[in-house]
Amino acid sequence: MDATMRVIEREGVAAVSQRRVAAEAGVPPSAVTYHYASIDDLLVATLTRVNDSYVTALEALSDDRDEALRGLAGIIARRGSGRAHLMAECELFLMAARRPALRPEVDRWNRAVDAFLAPRLADPADRAGVAAAIDGLFLRGCVEDPPPGVEEVHRIIVRLVPGRRNGPAGPR
C-alpha cells in the first residue's frame, strides 16, 4: 500500500497497475496479484488504510469543543505528509465517483465526520454544510500555494460550529 501511494503521488491513480506497484515495492508482480486480485482491490485497500488514519484521528479528538476544533484543523492542515501525499489521498477519494468499490470508504469518512459534528450541531443540514466545508478545505490544501495552515483552517471551522451546544450554525 505504501508503494501504491508513492505511485499515486508521482503519477496519479490512473498510473496504478499491479506491475507498477510491484516494481515500486521491489517485489515480483505475482506478490501483488496474490494479495490483490484486481486494481480495485488494491485501491480499496489503500483508501481503507488512508481512511483508517483519518477516522482514528477524528475519533480521538477531545470532547471539549475548542480542543476538538483545533485538533480537527490540525488533521486538515497537517504538513508532515506533504502536498503530493494529500493530493494522492484526495484523488483516491474522488475515484469513488467512477469506482463503486471505493464508495464504502467515502461513506465511512462521511459518517465519521457526521458523528464528530453531531454533539456540536443538532441540525443534519448544518452538519452537512460543515462536512462540505471540511472536504473543501482538504481540496484547498491540494491546490493553494501555500495551503491553508492550522490557524486559518481553525478560524474557518470555529465560525461554522457554534460555541453553544446544538445551536444553529450562525446567522442565517
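The values are calculated or read from the model by the stated rules, or taken from the named source; none is laboratory data. Since the model is a prediction, treat every value here as computed from it, not as a measurement. Cβ atoms come from the backbone with ideal geometry, glycine included; neighbour counts cover every protein chain shown. Please note that ligands, DNA and RNA were not included when accessible areas were found on the heavy atoms of the full protein model with its side chains. Shrake-Rupley method; radii C 1.70, N 1.55, O 1.52, S 1.80 Å.
Within the stretch 29-40, can one find any residue that is among the polar types (S, T, N, Q), touching a residue at least 12 places away in the same chain (Cβ under 8 Å) and touching a Ser or Thr at 6+ places or on another chain (Cβ under 6 Å)? First the steps, then the outcome.
At the first step, the residues of the stretch 29-40 found to be among the polar types (S, T, N, Q) are 30, 33, 38.
So of that shortlist, the ones also touching a residue at least 12 places away in the same chain (Cβ under 8 Å) come out as 33.
Subsequent filtering for residues that are touching a Ser or Thr at 6+ places or on another chain (Cβ under 6 Å) retains none.
For the stretch 29-40, residues among the polar types (S, T, N, Q), touching a residue at least 12 places away in the same chain (Cβ under 8 Å) and touching a Ser or Thr at 6+ places or on another chain (Cβ under 6 Å): absent.
The set of residues in the stretch 40-68 being over 25 Å from Asp107 (Cβ atoms) and in a helix (DSSP H, G or I) consists of Arg65, Asp66, Glu67.
Residue by residue through the stretch 7-19, note down the ones that are part of a loop (DSSP other than H, G, I, E, B) and among the polar types (S, T, N, Q).
First pass over the stretch 7-19, keeping only residues part of a loop (DSSP other than H, G, I, E, B): 12, 16-17.
Across the stretch 7-19, the qualifying residue is only Ser17.
Across the stretch 60-73, the qualifying residues are those that are free of Cβ contacts under 8 Å to residues at least 40 places away in the same chain and within 21 Å of the chain's Cα centre (by Cα), and the one among them that is least open to solvent (accessible area, probe 1.4 Å) is Gly71. Within the stretch 124-155, the set of residues being touching a residue at least 12 places away in the same chain (Cβ under 8 Å), over 15 Å from Val113 (Cβ atoms) and not acidic (Asp, Glu) comprises Gly141, Cys142, Pro147, Pro148, Gly149, Val150, His154.
Return the only residue of Ala37, Ala31, Ala22 being of a type in the set (Gly, Ala, Ser) and not in a helix (DSSP H, G or I). Step by step, each of Ala37, Ala31, Ala22 is checked, and only Ala37 is of a type in the set (Gly, Ala, Ser) and not in a helix (DSSP H, G or I). Residues in the stretch 132-147 that are out of contact with any Leu (no Cβ under 8 Å at 6 or more places or on another chain) and more than 15 Å from Gly74 (Cβ to Cβ): Ala132, Asp135, Gly136, Leu139, Arg140, Val143, Glu144, Asp145, Pro146.
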